[in-house]
There are 2 protein chains.
Amino acid sequence: MRWAARALEASSSRWGGSVSLSPAAVAVWGANTEVGKTLVSCGLARAAADAGARVLYVKPLQTGLDEGADDASKVAAVATRGGRRHAGEVEVSTLWGWGAAVGPHVAAVVEGKPAAGADVVRATREAMNAFAASCRGRSGLVLMETAGGPLSPGPEIGVVQADLYRGLRLPGVLVGDARLGGVSGTLAAYEALRGRGMDVVSVVMPEGPEGMDNWKAVAAYLRKEEFGSRVPSVRVVPNWPAPEVDLETFFSAEGTRDAFAAAAEELEAAHSRRVDELRAMGVAAQRKLWWPFTQHTQVGQVTRIDARAGEALAVFREEDGGGEAKVEEMFDGCASWWTQGVGGSEEGGRLARSIGHAAARYGHVIFPENAHAPALDAARLLLDGAGKGWASRVFYTDNGSTAVEVALKMAFRRRFAAQGYPEGASPDQYGVVGISGSYHGDTLGAMDASPATAFNGPRQTPWYRGRGLFLEPPTLALKSGRWVVTSADGKEELDVHGSRDEAFDLASREELPLRARYAEEIEASIDACERGGGEGAPGCAGECRVGKCPGHAFGALVVEPLLLGAGGMVLVDPLWQRTLIHVCRHRGLPVVFDEVFCGLWRLGVESTAKLLGVNPDIATYAKLLTGGTVPLAATLATEDVFAAFQGDAKTDALLHGHSYSAHAIGCAAAVHSLALFRDPEANPNLPDKGADRLRDVWDENKLYELSRVHGVDRVVALGSVMAFELEPEAGAPAGYGTSLDSRTARVIHALRTEHAVYCRPLGNVVYLMVSPMTPKATCDGLLDKALKALRSTGAPVV
Amino acid sequence: MRWAARALEASSSRWGGSVSLSPAAVAVWGANTEVGKTLVSCGLARAAADAGARVLYVKPLQTGLDEGADDASKVAAVATRGGRRHAGEVEVSTLWGWGAAVGPHVAAVVEGKPAAGADVVRATREAMNAFAASCRGRSGLVLMETAGGPLSPGPEIGVVQADLYRGLRLPGVLVGDARLGGVSGTLAAYEALRGRGMDVVSVVMPEGPEGMDNWKAVAAYLRKEEFGSRVPSVRVVPNWPAPEVDLETFFSAEGTRDAFAAAAEELEAAHSRRVDELRAMGVAAQRKLWWPFTQHTQVGQVTRIDARAGEALAVFREEDGGGEAKVEEMFDGCASWWTQGVGGSEEGGRLARSIGHAAARYGHVIFPENAHAPALDAARLLLDGAGKGWASRVFYTDNGSTAVEVALKMAFRRRFAAQGYPEGASPDQYGVVGISGSYHGDTLGAMDASPATAFNGPRQTPWYRGRGLFLEPPTLALKSGRWVVTSADGKEELDVHGSRDEAFDLASREELPLRARYAEEIEASIDACERGGGEGAPGCAGECRVGKCPGHAFGALVVEPLLLGAGGMVLVDPLWQRTLIHVCRHRGLPVVFDEVFCGLWRLGVESTAKLLGVNPDIATYAKLLTGGTVPLAATLATEDVFAAFQGDAKTDALLHGHSYSAHAIGCAAAVHSLALFRDPEANPNLPDKGADRLRDVWDENKLYELSRVHGVDRVVALGSVMAFELEPEAGAPAGYGTSLDSRTARVIHALRTEHAVYCRPLGNVVYLMVSPMTPKATCDGLLDKALKALRSTGAPVV
């Protein structure tokens, strides 16, 4: 009972909600209307009750009541054998009903009785969970019967039933059509369900006219289509009775009884298998997987993910000691490692179908010297979006690291092919100018372009050598209600603003003396590091620090613009960064924006160039590029950079490439996502056509409130990212090796367990990341939860 | 005429065949049977003819002839206005007919008149191309009407119509269902077509009963589902006439006429747009894309790829000067950069649907400390397959390069954490033992583990430094009919065998004195390079060669086992390689197999460990891992290697990861593909259950014949790879910079243009690569074509 109450509470939050796995539950789908869904429900309900199980039949949407259609009563009558069985054993429930025998979307309008899809799902879930709670360990079966076919509209036009109920993750029973044309209808319904990530346990269909044998064609197809335990059974039942035959006569006949008994047993077995598999995933993962960035000795509970549902993860939960099992939705507060883009479940489904189409049409086709529409269309969208006004070429790779490695190759060639490679320089003298706290990826080249951190020490990779000058940046943050620019050493308040927008008003801030100070310091550091000798420059990652600096030849400025992500969600003073870019460009260095994290609307703009008011020569994109589905990266470049690789010889070309370069599936996902992000009709955060900035989704007042909570050092929020850093605790290790009982850990724990928000810390930083399409209302809820979690963890655990 | 004849010839080859784009051609699909497909064909045919176009109506499969069903006659009557129009303007054709009104798969069996799907497609293509040829520039329209719904079986049970005709790449007209339940049926049919990579231009459907308005629900859904020019129109036509109404009356009514005139015009416009888009792709690609490994100044014709069709690429072709346009199939002889795995078109479709399911169910979900079924299932298949007997852990990354970078990090830790890091060693002293000619990827770490080549010189990346000892290997090849082991310097025949299998009989060859000689030479080289000083060892990539060698600390042996792929398809003597592995293991070096290219059945075995008889400690997989669809990689390791990263601190862990680590879509593709490869029912090359080696697909006699062709230096063939190297021509540059008029280039050109085989050279090496599931008959055809191409290019062009 306690559990049921909690489930109801959870299900009322925007992403919350759980579905019990304690009684088996299935959705009954039909190849189409009039194929006998309700008869199958009758047969299954009766068989389950006969076997001693409690049964819930729920019909969320019923039309045709005026014409006598009342599927729930029919099921009740058959399952209780005309009332002879105790009624408490078979519960039936119709949630919404209309009189006319038309689709619910039509009836809702005609009869003036609308229903919101979200309410239908919530009510269905509540009915199921209440039943589950009432079972108290007795075996049970829930049959949720849909209306029409899987792609019949629900109560709202444009949203079909299969999308409506998808989040419930109910395995399906599909009632097949034995009539002429029924093979196509049955298989198309099957694929519509599978294509929405749902599983079909069993196809139940009547034998059909002699010699037509639709069930044979369906079974033959499914045997080839799936393999292993995924092949659904095809269960043949006697032909449906003529209207004049009494249903009791039909269902009490031996053939009918046996067929449905076997079908019901199979559902029960499939359900047990599903729960067993979900349960076993934790141990299997601990034994076979090797997780990235994970100390396996510190892993407690493995999160077993059954599915994604919009911006939520559907997670398997089981009380210790084999108690109540359920699938619960948690908000994906880390945007699954900063990748997620398309927002809701329906949008996700459409993106999935774009991917399915590309997979079927192209699979993968080799790229060099070739053209295919997805690669071209994605390139067009990139050049017309993030690259607008400067880029003319798109080079595809597989992820952020490889995009950065390519960017470095491009920059070095552009820099040195023009002015000549410095005579006698060793590989170690070539370097980049970068920012301390930057992170560009995990392959050696990307790491060499980053300062030394815990990620690249000699025990991680003895080949690492920080190659360049990494400058300490002044930062911008909301601190106790004020937007403050703090000096790199953290000791000085350089500038204070009443709002973030004011701090980003670079035209005004350029007039400040601060700008000249920034420029001087940057020039001096680069000069010293280029010159070499002596002690070298502060920030130089070469061997200068021990007095052996040979001097450096810089090939590029490489920056993560504005927000240093992996470095701890540090917002660099935009004025300083813009000054850095101007200084380096003036010195002839190609400017590389690593926008793998911060680009493509992550920070509210397609490219941070819009906020900095200055364009790069080369820029990298990944993560959001495919909307959060598959790896794909793009390095954009100016025609000048491209020209540096043209020549008579093939060896002049950029000799870099991966087998899946510009793979069509990823490019199709990119086309879909990039178009969606910038479509004001689809994206609620894009104010109107032509806007190049998303609406702010993080409520300013709530942010100010957060920044004033005791122990919160700073808050940043930009685009889809919000983060706060907690003050270090006495005696706690700083940075990456956050102690497991730190306040940060407690905040994370509270968000995960009490607020169903899945998030991960970055040192003492807690961040929340949504998609560029997430409505402000969701973000309001997240901020409220963050405030609650912070307040509930104020005092250290004794 | 000439063109039509060529098309017929091409279409008779296994992968050949083209479809003319000169008259517009569409497939007419129905939401199901009995929705009015033929009436729509009638209306479109009549409207096109009215507008002055020639019309071909082709019905490949007609059932119900005994009951008066004869769609072609109906269309002919309506389109010619009961014969009043000149018959030559409207051609109709029924290709296969049966008497009973049941599905063709049933009729074919019952009436003893079977039809093979491949023949149906060929005949359809021929009818269309003959009509195209006869149009001679006059405007025309081809209507290919299907039978039943898209997933109704064709003439063979288990193969549905949508799969049957998929290779024709005809845009579709979908006839919708206006009855109750028709929305679901219409949309499910639409998705079944889209999910097979097909495009639907227009949904045509009757208005339907008043107030039901299925067309509105269909249109509302499609507007959300697609965007831009991909939204199909929904065209409403008058309700179908009652049986007693004369068709001429119906079709001559103004409303009907106007509706179909508009629909036919739209088809014509959509067709023009499609051709224009295909045509424009070449120029757009030249302007916007930056291809990998491509000197843009050398690109002549861009290959415009419209789709993949099994192992073939569907390529847009147009005669110069705006002549005949068509889509032609070319065999994908480079397996799209060594990635392709699943073989035929139907299998590819199933893999695509697995991907679509995973995309809908999971999208991407964050991986560290989490578990999801695709990641676990793929890990199980890898550990039970390539990793069997040695590996216990799977680490996922995105591609071969990243998999190798991870392998290096693993190996170094395993090596040095145990015995301690050498005191005071600089990053440059850490190295690997490897093989000259190896290639491990394009990121810096993978390159540093490879010897210097054209790919990594200072102009490509000034940071490159070959870190290790790269030994020159003795090689094995078929030369003029004998399998010869040649010394590394190419001067000595070390061993000769009558067959390849004999050369791979390592148990016998271990007894040879050659084995001891190999071991001694390897030991001496490693000793010298470890010691440092003086001149260093041959093969040392450090600075030893100029007398400054500081001595090396080796962290791993890293090899591409057996076949050096990018190095030119060089088969290393397996005895030498096995000896190398034994020597290094004895010295305590972890052994890394880079099986990115050669693993997962590429060489006929799941792991080359099966052929070498020795297991690695770490191995990398990618390319074939997803069957040839999306990037995904796995690094497998022993529990010993894994243990070296366990500890109390997070910083002890392997701190490497990519955002899309273990992305569910790729893992699902891997589960599907790995299971398929090793399923003897699905894979014709897997002789029987329990076999761990594929059948040889390259005919031994043909290989011998190839090896004896004048100018062929050597031939190798193993698993799905066959390659031959041509002798260098006098005055031609060797290696990567192959001259465009070399014989190699001429062979490639002949294969592409005369034999419809898409292939690419590697220096003077021509290779053909198929999937692990390609039947031997296809390979026989390829070898014949290779022989023809070789013979036709014997003499140099003057």
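Here's the yes/no breakdown for (1) among the aliphatic types (A, V, I, L, M); (2) farther than 23 Å from A:S354 by Cα; (3) surrounded by fewer than 19 Cβ atoms within 10 Å (Cβ to Cβ):
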position: B:V204; (1), (2), (3): yes, no, no
position: B:E207; (1), (2), (3): no, yes, yes
position: B:G211; (1), (2), (3): no, yes, yes
position: B:Y221; (1), (2), (3): no, no, no
position: B:E225; (1), (2), (3): no, no, no
position: B:S229; (1), (2), (3): no, no, yes
position: B:P232; (1), (2), (3): no, no, no
position: B:P238; (1), (2), (3): no, yes, yes
position: B:V245; (1), (2), (3): yes, yes, yes
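The set of residues in region A:395-431 that are under 20 Å from B:T402 (Cα atoms), hydroxyl-bearing (S, T, Y) and not in a helix (DSSP H, G or I) comprises A:Y396, A:T397. All of (1) facing chain B (nearest Cβ under 8 Å); (2) over 23 Å from A:R578 (Cα atoms) hold for A:R467 with one exception: (2).
Selection of helices (runs of 4 or more DSSP H) fully inside region A:12-122 by the criterion of at least 2 residues being of a type in the set (A, V, I, L, M) and under 21 Å from A:V245 (Cβ atoms) returns A:37-50, A:71-79.
Looking only at residues of region A:660-670 that are hydrophobic (A, V, I, L, M, F, W, C) and within 21 Å of A:W338 (Cβ to Cβ), we find that the one that is farthest from the other protein chains (Cβ to nearest Cβ) is A:A670. Considering only region B:215-229, how many residues are closer than 15 Å to A:V102 by Cα and facing chain A (nearest Cβ under 8 Å)? Number satisfying all stated conditions: 2.
Sub-9 Å Cβ pairs linking a first residue in region A:660-684 that is part of a helix (DSSP H, G or I) to a second residue that is acidic (D, E) and buried (at least 24 other Cβ atoms within 10 Å of the Cβ), at least 6 apart or interchain, are A:G666/A:D398; A:L674/A:E606; A:F677/A:E606, ordered by first then second residue.
Residue count for region B:441-462 under the criterion of being within 22 Å of A:A553 (Cβ to Cβ), aliphatic (A, V, I, L, M) and either surrounded by fewer than 20 Cβ atoms within 10 Å (Cβ to Cβ) or more than 7 Å from chain A (Cβ to nearest Cβ) (or both): the result is 2.
Look at B:L600 and say whether it is touching a residue at least 60 places away in the same chain (Cβ under 8 Å), in a loop (DSSP other than H, G, I, E, B) and either in contact with a Leu (Cβ under 6 Å, 6 or more places away or on another chain) or outside the structural domain of B:S401 (by TED's automatic domain parsing) (or both). The answer is yes for B:L600.
Taking every residue in region B:289-304 that is within 19 Å of A:A373 (Cα to Cα) and pairing it with any residue that is among the polar types (S, T, N, Q) and buried (at least 23 other Cβ atoms within 10 Å of the Cβ), at least 6 positions away or on another chain, the pairs with Cβ-Cβ distances below 7 Å are B:P292/A:S661; B:V302/A:N370; B:T303/A:N370.
Residues checked against (1) of a type in the set (V, I, T); (2) under 12 Å from B:F395 (Cα atoms):
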| site | (1), (2) |
| --- | --- |
| B:L603 | no, no |
| B:T620 | yes, yes |
| B:G628 | no, no |
| B:A633 | no, yes |
| B:D640 | no, no |
| B:S661 | no, yes |
| B:A664 | no, no |
| B:A668 | no, no |
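Look at region A:688-709: where a residue is crowded, with 17+ Cβ neighbours inside 10 Å and a partner is basic (K, R), sitting 6+ places away or on another chain with Cβ atoms under 6 Å, you get A:V697/A:K776. Scanning region B:214-241 for residues that are modelled with pLDDT under 95 and either more than 21 Å from A:A675 (Cβ to Cβ) or among the basic types (K, R) (or both) yields B:R223, B:K224, B:R230.
Okay, residues lined up against (1) closer than 24 Å to A:E210 by Cβ; (2) within 12 Å of chain B (Cβ to nearest Cβ); (3) in contact with a Gly (Cβ under 8 Å, 6 or more places away or on another chain); (4) not hydroxyl-bearing (S, T, Y):
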site: A:G154; (1), (2), (3), (4): no, yes, yes, yes
site: A:V159; (1), (2), (3), (4): no, yes, yes, yes
site: A:D163; (1), (2), (3), (4): no, yes, yes, yes
site: A:R166; (1), (2), (3), (4): no, yes, yes, yes
site: A:R169; (1), (2), (3), (4): no, yes, no, yes
site: A:L180; (1), (2), (3), (4): yes, yes, yes, yes
site: A:G185; (1), (2), (3), (4): yes, yes, yes, yes
site: A:E191; (1), (2), (3), (4): no, yes, yes, yes
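Identify the residue in region A:710-729 that is touching a strand residue (DSSP E or B) at 6+ places or on another chain (Cβ under 8 Å), in contact (Cβ under 8 Å) with a residue 40 or more places away in the chain and part of a loop (DSSP other than H, G, I, E, B) and, among all such residues, is surrounded by the fewest Cβ atoms within 10 Å (Cβ to Cβ). Among them, the one singled out is A:G711.
A quick yes/no check of all residues on (1) at pLDDT 95 or above; (2) over 19 Å from B:T461 (Cα atoms); (3) not polar (S, T, N, Q):
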| site | (1), (2), (3) |
| --- | --- |
| A:S345 | no, yes, no |
| A:A358 | yes, yes, yes |
| A:F367 | yes, yes, yes |
| A:A375 | yes, yes, yes |
| A:G389 | yes, yes, yes |
| A:Y396 | yes, no, yes |
| A:T402 | yes, no, no |
| A:A411 | yes, no, yes |
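For the structure I just gave you, tell me whether A:L611 is touching a residue at least 12 places away in the same chain (Cβ under 8 Å), within 18 Å of A:H357 (Cα to Cα) and assigned to a helix (DSSP H, G or I). When the stated conditions are applied, A:L611 does not pass them. Within the bounds of region A:139-162, is there any residue that is assigned to a helix (DSSP H, G or I) and modelled with pLDDT under 95? No: region A:139-162 contains no residue that is assigned to a helix (DSSP H, G or I) and modelled with pLDDT under 95. Put simply, of A:V671, A:V712 the only residue that is assigned by TED's automatic domain parsing to the domain that holds A:L624, in contact with a Lys or Arg (Cβ under 9 Å, 6 or more places away or on another chain) and at negative phi is A:V671.
B:V591 meets all of the listed conditions (1) in contact with a Lys or Arg (Cβ under 8 Å, 6 or more places away or on another chain); (2) of a type in the set (A, V, I, L, M, F, W, C); (3) more than 14 Å from chain A (Cβ to nearest Cβ); (4) touching a residue at least 40 places away in the same chain (Cβ under 8 Å) but one, namely (4). Exactly one residue among B:G445, B:G441, B:G437 is touching an Asp or Glu at 6+ places or on another chain (Cβ under 9 Å), assigned to a helix (DSSP H, G or I) and modelled with pLDDT of 90 or more, and that residue is B:G445. Taking every residue in region A:473-486 that is closer than 15 Å to A:M569 by Cα and pairing it with any residue that is part of a loop (DSSP other than H, G, I, E, B) and of a type in the set (S, T, N, Q), at least 6 positions away or on another chain, the pairs with Cβ-Cβ distances below 8 Å are A:P473/A:S436; A:P474/A:S487.
Only residues that are of a type in the set (V, I, T), assigned to a strand (DSSP E or B) and either at the interface with another protein chain (Cβ under 7 Å from one of its Cβ atoms) or within 23 Å of A:Y439 (Cβ to Cβ) (or both) were counted across region B:619-659, and they come to 1. Is it the case that B:R122 is modelled with pLDDT under 95, out of contact with any Cys (no Cβ under 9 Å at 6 or more places or on another chain) and surrounded by fewer than 17 Cβ atoms within 10 Å (Cβ to Cβ)? Yes; evaluated as a whole, the condition is true for this residue. Has region B:512-526 got at least one residue that is small (G, A, S) and in contact with a helix residue (DSSP H, G or I) (Cβ under 7 Å, 6 or more places away or on another chain)? There is at least one residue in region B:512-526 that is small (G, A, S) and in contact with a helix residue (DSSP H, G or I) (Cβ under 7 Å, 6 or more places away or on another chain).
The values are calculated or read from the model by the stated rules, or taken from the named source; none is laboratory data. These figures come from a predicted structure and were not determined experimentally. Note: ideal-geometry Cβ built from the backbone for every residue, glycine included; neighbour counts use all protein chains shown.
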